[in-house]
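All remarks here apply to the structure that follows.
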Amino acid sequence: MSDTRASAYADAALAIASAEGNVAEVTDELFRFGQIVQGNEELRTTLNDPHLPVEKRSQIVEDVLGGRATSTTVSFVSMLVAAGRIHDLPAIAEEVTNRSAASSGETVAEVRSAVALTDAQIAQLAEALSARTNRAITVRNVVDPSVLGGVVTRIGDSVLDGTVRTRLNQLREAF
Amino acid sequence: MSLLTILASEAPNGPWLPGDLNEVIWGSLAFLIVFALLWKFAKAPVAKALAGRTQRIADELGEAEQARVAAEAERDRIKAALADSDAEAARIIEDARQSADSLRTDLAARAEAEIVALRERAESDLATTRSQAEADLSGEVSRLALGATEQVVQSTLDDSAQQRLIDDYIRQVGNQN
């Protein structure tokens, strides 16, 4: 997906969320659902299957998100499904997250870990990263079992890698 | 002739002459007549026949001589040719022997060179194979060791270990400020 298109969809999502007054919730929900879509090929393929009626695919979205996300998020994701752009959701969600954070003077840190960080760990890590970068940091946690253990944080082009996977790779290269 | 025979048989003959002299005379006369007739009429053909025979014999002798000379010449030519062919055969044999010697020498040198090259290549291949095998073995050992390590790590990474790793990471990020 082009950056221009992702940017346009992100603008639309933020405009709707802003109008509904739930930017933070929508941003968080889009980020989380974007990670789910990115990590679940079957869901991604199903939601993008042109042979399934749009109503059927939208119903799947509502079944997955209903009661666990705002109606703004559900509607926006349903619109992406109808437009055949659900595979662009991770990029759009990242753009929404970055813009949302930037609008509040914060920088997004993508934190990948094998298990989900607790709210306390997210707060501690955000504080540590803010002190390290002298910027307000918003942590977005992505559960990625491939890292095996530990955490890797990406802030823009900077990466702080403390994963077991990377240590094993370093060990493999050392042989 | 039959008349002379009749006349001669009319008287007894002596030891040297017939008994009747007339018989002698007539016989001699008849002889002379026959001789004259023969001399007159048969001499030339006989002489001619003899001369022809002589000439024919002489011609045949000449032809025989020519044939002999030709045969000797042919013999000499054949002998010379045989001598030449012997020399040619000897030369061909010598050339063949030299070619064979040269070919044997070349083949031996080439075979030796090929043996050396093969030996060097075999040694090189062996060294390469050995180093490759060592590298493969090392890589395989490393892969197995890392695989085992990864399995051990995965099996030991329970929730408490995960939390400890995350807390350590957060602490390290904080300490690096």
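The values are calculated or read from the model by the stated rules, or taken from the named source; none is laboratory data. In this text, all values refer to a predicted model and were calculated from it rather than measured experimentally. Quick reminder, even Gly has a Cβ in these numbers, built from the backbone with ideal geometry, and neighbours come from all protein chains shown. Ligands, DNA and RNA are stripped out before the accessible areas are found, and what is left, the full protein with its side chains, is counted by its heavy atoms. Shrake-Rupley method; radii C 1.70, N 1.55, O 1.52, S 1.80 Å.
One table, with the values for the structure above:
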item: Near pairs, Cβ below 9 angstrom, 6+ apart or cross-chain, from the range A:148-175 (at pLDDT 90 or above) to any residue that is among the aromatic types (Phe, Trp, Tyr); result: A:150/B:169; A:151/B:169; A:152/B:169; A:153/B:169; A:160/B:169; A:162/B:169; A:163/B:169
item: Matching residues in the range B:157-177 - criterion: being assigned to a helix (DSSP H, G or I) and of a type in the set (A, V, I, L, M); result: B:161, B:165, B:166, B:170, B:173
item: Members of the range A:82-102 that are open to solvent by 30 Å² or more (accessible area, probe 1.4 Å) and either among the polar types (S, T, N, Q) or assigned to a helix (DSSP H, G or I) (or both); result: A:82, A:87, A:91, A:94, A:95, A:98, A:99, A:102
item: Selection from the range B:168-177 of residues that are in contact with a helix residue (DSSP H, G or I) (Cβ under 7 Å, 6 or more places away or on another chain) and either open to solvent by 50 Å² or more (accessible area, probe 1.4 Å) or under 16 Å from residue A:165 (Cα atoms) (or both); result: B:176, B:177
item: Pick from the range B:12-52, criterion open to solvent by less than 60 Å² (accessible area, probe 1.4 Å) and either of a type in the set (Phe, Trp, Tyr) or touching a Pro at 6+ places or on another chain (Cβ under 7 Å) (or both), ranking: modelled with the highest pLDDT; result: B:24
item: Unique match (being more than 7 Å from chain B (Cβ to nearest Cβ) and of a type in the set (D, E, K, R)) among A:132, A:172, A:154; result: A:154
item: Some residue of the range A:155-166 being open to solvent by 20 Å² or more (accessible area, probe 1.4 Å), out of contact with any strand residue (DSSP E or B) (no Cβ under 8 Å at 6 or more places or on another chain), outside any strand (DSSP E or B) and small (Gly, Ala, Ser); result: no
item: Residue satisfying all of: in the range A:103-129; facing chain B (nearest Cβ under 9 Å) and assigned to a helix (DSSP H, G or I); most open to solvent (accessible area, probe 1.4 Å) among these; result: A:127
item: Odd one out for residue A:148 among (1) in contact with a strand residue (DSSP E or B) (Cβ under 7 Å, 6 or more places away or on another chain); (2) more than 8 Å from chain B (Cβ to nearest Cβ); (3) open to solvent by 10 Å² or more (accessible area, probe 1.4 Å); result: (2)
item: Pair list, Cβ < 9 Å and 6+ apart or interchain, from the range B:33-45 residues that are in a helix (DSSP H, G or I) to residues that are of a type in the set (A, V, I, L, M); result: B:34/B:1; B:38/B:46
item: Some residue of the range A:72-81 being open to solvent by 30 Å² or more (accessible area, probe 1.4 Å), more than 14 Å from residue A:25 (Cα to Cα) and without any contact (Cβ under 8 Å) to a residue 24 or more places away in the chain; result: yes
item: Residue in the range B:148-156 that is part of a helix (DSSP H, G or I) and away from chain A (no Cβ under 14 Å) present; result: no
